[in-house]
Amino acid sequence: MATLPAPRATIRKRGNPNWGRPMPVGPALPTEFELRIRQLKLTAEMYTSSRDLRAWCEQNRNRLYVPEWLLEEWGITVDLNFGAVARPNHANHS
């Protein structure tokens, strides 16, 4: 009687096969400014003449990305200490 060869044991590799490889870059997501531009259906030439965009930029200048050149064009200033009021300074709490 002929004997069949023993089945080969499956060798299981251990560890993460992607170890040391860079993470794949995900898709670039649009900024809130870009979403607003699309919603208003504006071209770059129309930015400075849009009243709706200017109002949005004034409301969100301290929270969201607004291009600097556009802020300068309209004379809108950004409050650099905007978030500091909401966060207590732990150094003063002894």
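In region 49-82, what count of residues is obtained for those that are surrounded by 13 or more Cβ atoms within 10 Å (Cβ to Cβ) and among the hydrophobic types (A, V, I, L, M, F, W, C)?
Residues flagged as surrounded by 13 or more Cβ atoms within 10 Å (Cβ to Cβ) and among the hydrophobic types (A, V, I, L, M, F, W, C) within region 49-82 amount to 9.
Could you tell me which residue of region 17-31 is surrounded by the most Cβ atoms within 10 Å (Cβ to Cβ), considering only residues that are of a type outside the set (S, T, N, Q) and within 10 Å of the chain's Cα centre (by Cα)?
Looking at residues that are of a type outside the set (S, T, N, Q) and within 10 Å of the chain's Cα centre (by Cα), I get Pro30.
Write out, first by first residue and then by second, each pair whose Cβ atoms fall under 8 Å of each other, whose residues are 6+ apart or on separate chains, and whose first residue, in region 62-84, is in contact (Cβ under 8 Å) with a residue 24 or more places away in the chain while the second is surrounded by fewer than 14 Cβ atoms within 10 Å (Cβ to Cβ) and of a type in the set (S, T, N, Q).
Leu64/Thr31; Tyr65/Thr31; Glu73/Thr48; Trp74/Thr48
Each reported figure results from applying straightforward, stated rules to the coordinates on display, with no laboratory input. Just so we're clear, the structure is a prediction, and the values are computed from it rather than from any experiment. As a convention, Cβ positions derive from the backbone with ideal geometry for all residues, glycine included, and neighbour counts pool all protein chains shown.
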